[in-house]
1. With 10 angstrom as the radius, rank HIS97, HIS36, HIS149, HIS158 by how many other C-beta atoms surround their C-beta, starting from the fewest.
2. Could you give the length gained by full extension between GLU89 and GLU30, i.e. 0.36 nm per residue of separation minus their alpha carbon distance, to one decimal place?
3. Under a Cβ-Cβ cut-off of 11 Å, what is the net charge of the residues other than VAL107 that fall near it, where Lys and Arg count +1 and Asp and Glu count -1?
4. Please list, in chain and number order, the residues 5+ apart from SER25 or on another chain whose amide H is under 5 Å from its amide H, with Hs placed from the backbone.
5. Convert each backbone phi in region 30-38 into a coupling constant with the Karplus relation 6.51 cos²θ - 1.76 cosθ + 1.60 (shift: θ = phi - 60°), then list the ³J(HN,Hα) values in order as whole Hz, x for Gly and Pro.
6. Within region 73-126, list the GluC sites (Glu not before Pro) lying in a DSSP loop whose Cβ has at most 16 other Cβ atoms in a 10 Å radius.
7. Just to confirm a number: summing +1 for Lys and Arg and -1 for Asp and Glu over residues other than VAL8 whose beta-carbon lies under 9 angstrom from that of VAL8, what do you get?
8. Short version: ³J(HN,Hα) in whole Hz for each residue of region 7-13, in order, from phi by Karplus 6.51 cos²θ - 1.76 cosθ + 1.60 (θ = phi - 60°), x for Gly and Pro, what are they?
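Bear in mind these aren't lab numbers, they're just calculated from the coordinates by the rules spelled out. All figures in this text were calculated on a predicted structure; none of them were measured in a lab. As a convention, Cβ positions derive from the backbone with ideal geometry for all residues, glycine included, and neighbour counts pool all protein chains shown.
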Amino acid sequence: MQISANKVVSIHYTLKNDAGDVLDSSAGREPLAYLHGAGNIIPGLEKALEGRSSGDKLNVTVQPGEGYGERNDALIQDVPRSAFEGADEIQPGMQFHAQGPQGMFVVTVREVSDESVKVDGNHPLAGEVLHFDVEIAEVRDATAEEQEHGHVHGAGGHDH
Ligand code: ZN
């Protein structure tokens, strides 16, 4: 069965950055299941999988524009230290959830001073060229309910 819109696709994958470091992998886990054509995964990977079949193996390079976006310096902001009242100790690299106009997002602490904390709202993989090794484990038709919800139910998907 070929991959097209409204198929549920299960993939094994390894994600590396440009330097060859492994950032994420499904090795030793269930394959990742997603609903094709619903924007569940980054556009560059979804596009590369279109028309492929179960058993196919492919290497996909995704530029930031089709991945997690370019880095945007406007998303780096100084926040008064008092905004972190609940947190005991704030250190560079720590991540916090923040409420924004489009819902919750994650900010990463870059620098800490006595008065302020520099936080970065860019996705951790923004600006990165991504390299995926993908093996397509399974392709099936999505159920009517999955199509309606825009995501996969059952193994590797939502459970609700
Ligand atoms: Zn659902």
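1. Working: HIS97 8, HIS36 20, HIS149 16, HIS158 11.
With the sparsest Cβ surroundings first, the list reads HIS97, HIS158, HIS149, HIS36.
2. Details: separation 59, 0.36 × 59 = 21.24 nm, distance 3.58 nm.
In short, 17.7 nm is gained.
3. Values: positive: ARG110, LYS118; negative: ASP120.
Its environment carries a net charge of +1.
4. LEU15
5. Result, ordered by residue: 5, x, 6, 10, 9, 8, 5, x, 10 Hz.
6. Details: sites: GLU85, GLU89, GLU111, GLU115; in loops: GLU85, GLU89, GLU115.
Sites meeting the loop and neighbour criteria: GLU85, GLU89, GLU115.
7. On the way: positive: LYS7, ARG140; negative: GLU138, ASP141, GLU146.
Net of charged neighbours comes to -1.
8. 9, 8, 10, 10, 10, 9, 8
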